[in-house]
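Comments concern the structure below.
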Amino acid sequence: MCAVNAKHLPFARCAPGQDVPVVLDTNILLDLYVFQDPRAHLLRPHVETRSMCFLASDQTVAELANVLTREKFSLSIQRQNDILSSWRSASQLLPQEAIQSSPWRCKDRDDQVFLDLAWTRRPAVLLSKDLHVLRFAKRALRDGVQISTAMHEDALGVPDADTSR
C-alpha cells in the first residue's frame with residue numbers, strides 16, 4: 001500500500017505514525033507544474049522522490065490533461081506530456097471501479113472526483129483551492145478527510161504572500 005507518514009502533513013491531524021494518502025486537485029497541480037508557485041514547491045520534492053502517496057484516477061488525470069491544453073497556458077505538447085508523465089509516475093492510480101462515491105455532493109462534476117478519491121482512501125488529505133471543494137472541509141474532517149489548501153496552510157511552514165514581506 002502506498003502511504004505517507006502524517007509527520008509530512010502535520011495539518012492532517014492524524015495520530016503519530018499513521019499513514020495518510022494525499023489527493024491534489026488540478027489547481028494545486030497547476031500551481032506546482034505550470035505557475036511555479038513557491039508555496040506549491042513544498043510538494044515538489046515529495047512528488048519527485050515519491051515520499052508521499054499521491055492518489056489519482058483516470059478521471060483526474062484526464063481533467064489535468066484537458067486543462068493543460070487550454071490556450072491561456074501556452075504549453076507545448078511536449079511540456080504537457082512531461083507534466084502528465086511526471087504526475088502519473090508520482091501518483092498511485094486507482095481504478096475507476098475502486099472509487100466510492102463520497103457522501104458530499106459537489107456542484108461541479110469535475111471537482112466531485114477529487115472528493116470521491118479522498119473518501120475512498122480515508123483517512124486522507126485533499127489539497128484544493130476550489131471553493132466548491134473547500135466548502136466540505138468541516139463535514140469531511142468528521143469522516144476522516146482533511147480538505148485544505150496548501151497555499152496558505154501555516155502548518156506547511158510557508159507564510160502567505162502578504163505576510164512574507
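The values are calculated or read from the model by the stated rules, or taken from the named source; none is laboratory data. Remember, predicted model here, so these are calculated numbers, not experimental data. For neighbour counting, all protein chains shown are included, and Cβ atoms are generated from backbone atoms with ideal geometry for every residue, glycine included.
A few remarks follow.
- Of the residues making up the range 43-67, those that are β-branched (V, I, T) and surrounded by 19 or more Cβ atoms within 10 Å (Cβ to Cβ) are V47, T60.
- Contacts under 6 angstrom Cβ, first residue in the range 70-82 being touching a residue at least 24 places away in the same chain (Cβ under 8 Å), partner assigned to a helix (DSSP H, G or I) and not acidic (D, E), 6 or more apart: L75/L68
- Filtered residues of the range 56-109 (kept if of a type in the set (A, V, I, L, M, F, W, C) and at pLDDT below 95): A90, L93, L94, A98, I99, W104, C106
- When residues in the range 120-136 are screened for being assigned to a loop (DSSP other than H, G, I, E, B) and without any contact (Cβ under 8 Å) to a residue 40 or more places away in the chain, 3 of them pass.
- Within the range 23-43, tally of residues that are within 12 Å of the chain's Cα centre (by Cα) and not polar (S, T, N, Q): 10
- In the range 52-83, the qualifying residues are those that are hydroxyl-bearing (S, T, Y) and under 21 Å from L126 (Cβ atoms), and the one that is nearest to the chain's Cα centre (by Cα) is T60.
- Selection of first residues in the range 32-59 that are β-branched (V, I, T) and of second residues that are modelled with pLDDT of 85 or more and in a loop (DSSP other than H, G, I, E, B), restricted to Cβ pairs under 9 Å at least 6 apart or on distinct chains, gives the following pairs, ordered by first then second residue: V34/L75.
- Annotation: D110 fulfils all but one of (1) more than 21 Å from V20 (Cβ to Cβ); (2) exposed (fewer than 12 other Cβ atoms within 10 Å of the Cβ); the unmet one is (2).
- Subset of the range 68-97 that is assigned to a helix (DSSP H, G or I) and among the β-branched types (V, I, T) - its residue that is surrounded by the fewest Cβ atoms within 10 Å (Cβ to Cβ): I77
- The residue list P16, P21, P10, P45 contains one member that is farther than 21 Å from A98 by Cα and modelled with pLDDT of 85 or more, which is P45.
- Test: residue in the range 111-119 that is at pLDDT below 90 and assigned to a helix (DSSP H, G or I): yes
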